[in-house]
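Before any comments, here is the structure.
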Amino acid sequence: MVIVKTENLRGVIMMNKNDRKRIVIREKTIGAGCRHTVGLKSDGTVTAVGDSKYGQCDVTSWRNIVAIAASNVHMATNTGNAHTIGLKSDGTVVAVGWNEQGQCNVSNWRDFVAVAAGWRRTIGLKSDGTVVAVGRNKEEQCNVSVWHDIVAVAAGDWHTIGLKYDGTVTAVGNNRYGQCNVSNWHDIVAVAAGYLHTVGLKSDGTVVAVGKNNQGQCEVSNLSGIAAIAVGSSHTICLKYDGTMVAVGWNEHGQCNVRNLRDMVAVAGGCAHTLCLKSDGTVVAVGDNEYGQCDVSDWQGIQMPGK
């Protein structure tokens, strides 16, 4: 049996090349929201910087956390409010931040193995492969109760993506720009969802993307040797097997200026900033820093994915 280990946004996928079995290990150790940044430390505590108007950075009391998620949204004058999700080692979930539409109502969740946070909603993956969602559902982005055999989830602004056990992908929610047109995808090992685009990492290290491409955020067809993917509102970031980075799309704030980075092991995308975890547990951030969301140079001891 040959096992391929691929880091993804949630941590690590173990894929058996013979029977295509994928097992998700539940670590997403860095998270980037619209105006805030979150990091999971190796001792199970969490740190955060940036805008905390609604308490989305109030995570210092959290303990025994194994994965985190920070909600993101496109940059606009009427957006930016956010929440933060933490998955605990016992499979329960905690949340802080903006809760106008019940996106933080997760206190009764049990037996979860992964979480994702979109605009005004939270997505949780259970150990049996089913999915639960709370929060805004105007665009039917929370209609995931019929999903099964899911091994990873991703939340965009108004759409939700599920990666299935067999390497195919399902999607619900707003599809104005074709961001949910993933039914023909196969051999996928990781997914990421932005404002109006969706990105998938294939088992051969190539990348596919659908949705709005006005900033070139979907121009990934020439990429190879990719180990992990992340997206911001309108940019796409890829971590290569050699620890270097490549990014495409909206770069007004320098959020795609990652080509000189080395020795990276994980990546996350905020609205207009990019977060990269180094192998020594330190973090590098580039892009919009209006709210201090890139002030991570003093972070140490951030948990390695898959550890």
Subject >> Odd one out for S234, checked against (1) surrounded by 24 or more Cβ atoms within 10 Å (Cβ to Cβ); (2) touching an Asp or Glu at 6+ places or on another chain (Cβ under 6 Å) >> reply: (2)
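Determine which member of the set G80, G11 is modelled with pLDDT under 95, under 15 Å from the mean Cα position of the chain (by Cα) and small (G, A, S). Talk me through it step by step, then tell me what you get.
Numbers: G80 fails: under 15 Å from the mean Cα position of the chain (by Cα).
Answer to the selection: G11.
Could you tell me whether any residue of region 119-129 is among the basic types (K, R), buried (at least 24 other Cβ atoms within 10 Å of the Cβ), out of contact with any Leu (no Cβ under 9 Å at 6 or more places or on another chain) and without any contact (Cβ under 8 Å) to a residue 60 or more places away in the chain?
Checking region 119-129: at least one residue is among the basic types (K, R), buried (at least 24 other Cβ atoms within 10 Å of the Cβ), out of contact with any Leu (no Cβ under 9 Å at 6 or more places or on another chain) and without any contact (Cβ under 8 Å) to a residue 60 or more places away in the chain.
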Subject >> Among (1) closer than 15 Å to E290 by Cβ; (2) in contact with a strand residue (DSSP E or B) (Cβ under 6 Å, 6 or more places away or on another chain); (3) surrounded by fewer than 17 Cβ atoms within 10 Å (Cβ to Cβ) - the single one N64 does not satisfy >> reply: (1)
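Return the residues of region 248-267 that are surrounded by 15 or more Cβ atoms within 10 Å (Cβ to Cβ), out of contact with any Cys (no Cβ under 8 Å at 6 or more places or on another chain) and either more than 24 Å from S52 (Cβ to Cβ) or not polar (S, T, N, Q) (or both); say none if nothing qualifies.
Start the filter on region 248-267 by keeping residues that are surrounded by 15 or more Cβ atoms within 10 Å (Cβ to Cβ), which leaves 248-251, 253-256, 258, 261, 264-267.
Retained after the next criterion (residues that are out of contact with any Cys (no Cβ under 8 Å at 6 or more places or on another chain)): 251, 253-256, 265.
Hits for region 248-267 are N251, H253, G254, C256, V265.
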Original post:
Of the residues that make up region 285-297, is at least one of a type in the set (S, T, N, Q), within 30 Å of V113 (Cβ to Cβ) and modelled with pLDDT of 95 or more?
Top reply: yes
Original post:
Is region 115-124 home to any residue that is part of a loop (DSSP other than H, G, I, E, B) and more than 26 Å from H235 (Cβ to Cβ)?
Top reply: no
**OP:** Please give the number of the condition A76 fails out of (1) closer than 20 Å to C271 by Cα; (2) crowded, with 16+ Cβ neighbours inside 10 Å; (3) not polar (S, T, N, Q).
**Re:** (2)
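Give region 173-214 a look and list any residue that's of a type in the set (K, R) and either touching a residue at least 40 places away in the same chain (Cβ under 8 Å) or assigned to a loop (DSSP other than H, G, I, E, B) (or both), or say none. Write out each step before concluding.
Taking region 173-214 and keeping what is of a type in the set (K, R), we get 176, 202, 212.
Residues satisfying the conditions are R176, K212.
The values are calculated or read from the model by the stated rules, or taken from the named source; none is laboratory data. This is a predicted model, so every value here is computed, not measured. All Cβ positions, glycine included, derive from the backbone under ideal geometry; neighbour counts span all protein chains shown.
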